[in-house]
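Here's the structure, in structure tokens; my notes come after.
Read-outs throughout are calculated quantities, based only on the coordinates presented, and are distinct from any laboratory measurement. This is a predicted model, so every value here is computed, not measured. Note that each Cβ is placed from the backbone with ideal geometry, even for glycine, and that neighbours are counted across all protein chains shown.
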Amino acid sequence: MKTGLTHVRDSLAEGRIIPYLGSGILAAAGAAVPSDLPTLAQALSSKVSVPHRIRNNFTAAAQYIENFKHRKTLKGIITELFSVPMPMPTLMQDLAALKLPLIVNLWYDDTMAKALDGQPSWGRIQGLSQSEHYGQWVGYYQPNGTMVDMAEAAQWQTILYEPWGSVRPDTNFLVSDSDFVEVLTEIDIQTPIPAIVQELRKGREFLFMGCRFNDQLQRAFARQIMKRSSDQHWAIIDGTLSRNEERFLEEQGIRRLDVSMAELFKAPLATSLVAGLPSVSRFSESMD
């Protein structure tokens, strides 16, 4: 019987697992960008004075700036925060080389897209704010930033799905309370989830890396993006789980792998997941 990590490795190589990347990937790589929602809220509050009670609430702080300083100011701050030079994690390069059908990136950086540059057939689907693109939930972008229609996107070998948007190519961001309320109002019936993503997830498992589920917003997106996929999923999560996280993992059939993000970067576990190198057995033996 395969151990958890062996199963993940083999399933990735066969395209049967969808990587779902969170902000912890860049934090583990040492990137100088906000590593979670509270830190991002504090970064916003350092640029524009917001009421003390919402300084650690990202979407509320973003909404305040949008209301009183204009959305252009808010987008400018997010763009500045995520336009700094960032290291390229080997993990992302390995995932790009696999030519997977679908990769999900739930943060505002452009790193995974840069890792995919040079691949023969890929593109990105980004969530769009209804305040800027009313009635249009997502945008489809070629690697050069040109927006295309869904029919062309369906031909891509690899799709990078960025539900909250990204700093590139058009600074599309879901950030404020109103942005997320619009999406969450419809997400239960799957309207904001692209049809291509809904099709590709069927029967596939998800592998969460660098994600935490200690806030309702991230749980809601993960739950809806996983809907109607496999009943078994995986996660590499650092630190102690909150009770809400434990419940979420149990409810969604997500099994936590006993590997830290630090191990993921140095093992070389990133390469092992792709190539099945012998070093992977050292971790697999501790899984089951």
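Please grab the % of Cα pairs in the stretch 42-81 that end up more than 10 Å from each other.
Percent of Cα pairs beyond 10 Å in the stretch 42-81: 64.
Okay, helix-only estimate at 222 nm for the chain: each DSSP H run of n ≥ 4 adds -39500 (n - 2.57), divide by all residues, round to 500 deg cm²/dmol; what do you get?
The helix contribution divided over the chain gives -11500 deg cm²/dmol.
So for the chain, averaging the separation of alpha carbon pairs under 8 Å that are six or more residues apart and normalising by length, what relative contact order in percent results?
24
For the residue pair Met150 and Ile189, what label-to-label distance in nm results when each label sits 7 Å from Cα along the Cα-to-beta-carbon direction?
Each label point is offset 7 Å from its Cα along the Cβ direction, giving 1.5 nm.
What's the exposure ranking of Thr158, Thr111, Thr146, going from fewest to most Cβ atoms within 10 Å?
Exposure proxy ranking, most exposed first: Thr146, Thr158, Thr111.
Past the 31 Å Cα-Cα mark, which pairs from Lys47/Lys99; Lys114/Lys227; Lys72/Lys114; Lys72/Lys99; Lys114/Lys202; Lys47/Lys227?
In this structure, Lys47/Lys99; Lys72/Lys99; Lys47/Lys227 exceed 31 Å between Cα atoms.
What is the percent of Cα-Cα separations in the stretch 119-239 that go past 25 Å?
Of the Cα pairs, 24 percent sit more than 25 Å apart.
Kindly put Met226, Met92 in sequence by how many other C-beta atoms sit within 10 Å of each C-beta, fewest to most.
Met226, Met92
Ranked highest first by average number of other Cβ atoms within 10 Å, how do 166-172, 237-243 line up?
The densest-packed peptide leads the list: 166-172, 237-243.
With the crude spin-label approximation of a point 7 Å out along Cα→Cβ, what separation in nm comes out for Glu14 versus Glu80?
5.0
Which of these, Leu102, Leu128, Leu217, has the largest mean-square fluctuation under a Gaussian network model of the chain (Cα springs below 10 Å)?
Highest fluctuation of the listed residues: Leu217.
Just to be sure I understand the model, the point goes 7 Å from the Cα along the line to the Cβ. What's the resulting Gln42 to Asn56 distance in nm?
It works out to 0.9 nm between the two label points.
Report the paramagnetic label zone for Gln232: residues of the stretch 10-34 whose backbone N is under 11 Å from a point 7 Å from Cα along the Cα-to-Cβ axis.
Residues 11 fall inside that zone.
What dipole magnitude, in Debye to the nearest 20, does the chain give about its Cα centre under +1 on Lys/Arg Cβ and -1 on Asp/Glu Cβ?
Once rounded to the nearest 20, the dipole reads 260 debye.
Averaged over all directions, how much area does the convex hull of the C-alpha atoms of the chain cover when projected, in nm²?
About 14.4 nm², averaged over all directions.
Out of Leu44, Gly253, Ser242, whose Cα points farthest toward the positive end of the dipole of the chain (charges: +1 Lys, Arg; -1 Asp, Glu; placed on Cβ)?
So the residue furthest toward the plus end is Leu44.
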